[in-house]
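Have a look at this one before I ask anything.
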Amino acid sequence: MPRVKKQLEVKKKRRKKTSPIQIVKGMKDILPPEQLLWDYVLENSRKLCQDFGFGRIETPILERTELFQRGVGDNTDIVEKEMFSFETQGKDKLSMRPEGTAGLVRAYIENGMSRWSQPVKLYYEGPMFRYEKPQAGRYRQFHQFGFEIFGDEDAAIDSQVIYLAWKIFQKLGIKDINIQINSIGCVECRSAYKKLLQDYYEMKINKLCMDCKRRLDSNPLRLLDCKEEKCMQVATSAPQIIDHLCVPCHDHFKNVLEFLDEIEITYVLNSRLVRGLDYYSKTVFEVWENNSEGGQSSLGGGGRYDSLVEMLGGEETPAVGFSFGVERVVESLFSKGIQLNYSIKKEVFLVQLGDKARKKILRLFDKLVDSNITVGESLGRGSIKSQLRMANKFNSKFALIIGQKEALDNTVIVRDMESGMQEVVVMDSIVKEMKKRLKG
RNA sequence: GUGGCUAUGGUGUAAUGGUAACACUAGAGGUUGUGGUCCUCUCGUCUCGGGUUCGAUUCCCGAUAGUCACCCCA
């Protein structure tokens, strides 16, 4: 009977609890176990970028909205409806960056990097924001790692960027990938091609699905990518952009592919690959991974953007870049069962009994850490039993036990966790003793 | 933004128109200062808000979130 009453009281108390505040839609917490994978991904990527001569740059998350309107393109989906934009108290119109390149270009211009020795090679990482409908592997705040090369228009640079992208994934252990590549030409040949494509589809408009009929005007390039069977049939004989590139664009693309052949990177010519940001020209590519269901998912993408620097008010500067989604890469690694052992390992574990002992532990902990020994403790715990359980969980080789008696005698019990053998050691020599034992 | 599906302890899963079962994890303990096995106990506003009902976690509606497709991309 009293127990029932108690439960009721507990329930009443619970009711009064204020409701918890939830995470914002499309946002995600990255907890310690997952951080290991993040570190793995980012550290390897940074290392490779540095090996390739890239310097790290960090630009602000907030930029003027205008930067993205001009840079990414006013009519792109990203700018039109996917930006987190707001006005400050000072009436500045700002946006949280939806991608990294525009900010880098701004920094390139603003810091006078055109007078640095060319090419300028930069890499970056950080959160990006897009107001989209969240889905698996697709968040409103997501992270990109990317790198850009400014000031060199040679096709070799394109292939170097692709090579580095490829290499990063190889290094990370994501091997079942392929490079989807295409050239979308320069402004001139692209608009000519668009017209050609529209003409082609106009003739077959009756064979298209509803969506494609609608898209014909707004985004003709997208029709090539439709998954309706009847549209796919029409697409197979549609004109391909690589057949309609101007001579310089054509040669450039040919060179890129030759370089890729040379460094033995397998790529897939994908005439339907069109990227959603306006600033791209010539080479565009994506890195796709073959997933377990037999489909493919995009891990990252990039391309050349020779006119962007000028569009944002700088001198005419060719550039290429690539970026990948850290979440997607992490998830890919996770689904492969790549497990970085998240066992927290502590060589030595300190067990304390009583207040006096607890005080001694604090200093001992510090000394041991200073001599590069990993130490665990559980100051908040009372019983020796639970503390030794912790020691076991931490895979400790030794437990150092200090109780009331030891605190007074200035001694420590050294317990070998494997054999269970115990020995009393004088406090002053414990650090030395531990060092010695851990070596052997 | 449009449409479909889903929503149960920290996690992963059950069952049910009469307040919830199991596994794992976590915490406390299994007599006085000793771990890994074992045992016991503890941890659920059944997402939220309405409605139907004597009664709803279970049915209906709405909200929210997740998820899938479109769209777009990382």
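Excluding A:Asn255 itself, calculate the net charge of residues whose Cβ lies under 9 Å from the Cβ of A:Asn255, where each Lys or Arg counts +1 and each Asp or Glu counts -1.
Local charge sum for A:Asn255: -3.
Residues with amide H under 5 Å of A:Tyr279's amide H, sequence separation 5 or more or different chain, H placed in the peptide plane at 1.01 Å from N; which?
The answer is none.
Hand me the tally of lysine pairs in the stretch A:348-439: alpha carbons under 21 angstrom apart, and the pair either on different chains or 8 or more positions apart.
24
Which residues' amide hydrogens lie under 5 Å from the amide hydrogen of A:Gln118, considering only partners 5 or more residues apart or on another chain, with H built in the peptide plane?
Hits under the 5 Å cutoff: none.
May I pose another question? Per residue of the stretch A:401-415, in order, report the coupling 6.51 cos²θ - 1.76 cosθ + 1.60 (Karplus, θ = phi - 60°) as ³J(HN,Hα) in whole Hz, putting x for Gly and Pro.
9, 10, x, 4, 5, 5, 4, 6, 7, 6, 10, 9, 8, 9, 10
Using alpha carbons only, how many degrees (0 to 90, rounded to 10) separate the axis of helix A:101-110 from the longest principal axis of chain A?
Roughly 90 degrees between the two axes.
So, one more: For chain A, what does -39500 (n - 2.57) per DSSP helix run (n ≥ 4), summed and divided by total residues, give at 222 nm, in deg cm²/dmol to the nearest 500?
-12500 deg cm²/dmol
So, one more: Among DSSP beta bridges lying fully in the stretch A:348-439, give the percent that are antiparallel, nearest 5.
55 percent
Order of A:395-403, A:68-76 by packing, highest average Cβ count within 10 Å first?
So the peptides A:395-403, A:68-76, ranked by packing, come out A:395-403, A:68-76.
Same structure, new question: Can you give the extra length, in nm with one decimal, that the chain gains between A:Lys385 and A:Asn44 once fully stretched, where that is 0.36 nm per residue apart less the Cα-Cα distance?
That pair, A:Lys385 and A:Asn44, stretches by 118.6 nm at full extension.
If you put +1 on each Lys and Arg Cβ and -1 on each Asp and Glu Cβ, how big is the dipole of the stretch A:348-439 around its Cα centre, in Debye rounded to 20?
The calculated dipole for the stretch A:348-439 is roughly 160 debye.
Helix A:187-203 versus the longest principal axis of chain A: what angle, 0 to 90°, nearest 10, using Cα atoms?
With both axes taken from Cα atoms, the answer is about 70 degrees.
Once phi is turned into ³J(HN,Hα) by the Karplus curve 6.51 cos²θ - 1.76 cosθ + 1.60 with θ = phi - 60°, what whole-Hz value does each residue of the stretch A:23-32 show in order, with x for glycine and proline?
Whole-Hz 3J(HN,Hα) from phi for the stretch A:23-32: 5, 5, 3, x, 9, 8, 8, 10, 8, x.
Then there's this: For chain A, modelled as a GNM with alpha-carbon contacts under 10 angstrom, which of A:Val326, A:Val309, A:Val425 fluctuates the most?
A:Val425
Using 0.36 nm per residue, how much length does the chain from A:Ile205 to A:Lys356 gain when fully extended, once their Cα-Cα distance is taken away?
Net length gain for the segment: 45.7 nm.
For the charge dipole of chain A, defined by +1 on Lys and Arg C-beta atoms and -1 on Asp and Glu C-beta atoms about the Cα centroid, which residue among A:Leu273, A:Val320, A:Ser45 has the Cα displaced farthest towards the positive pole?
After comparing all options, I get A:Ser45.
Every number here is computed from the coordinates shown, using simple stated rules; none is lab data. Here the structure is a predicted model, which is why all the values come from computation and not from measurement. Note: ideal-geometry Cβ built from the backbone for every residue, glycine included; neighbour counts use all protein chains shown.
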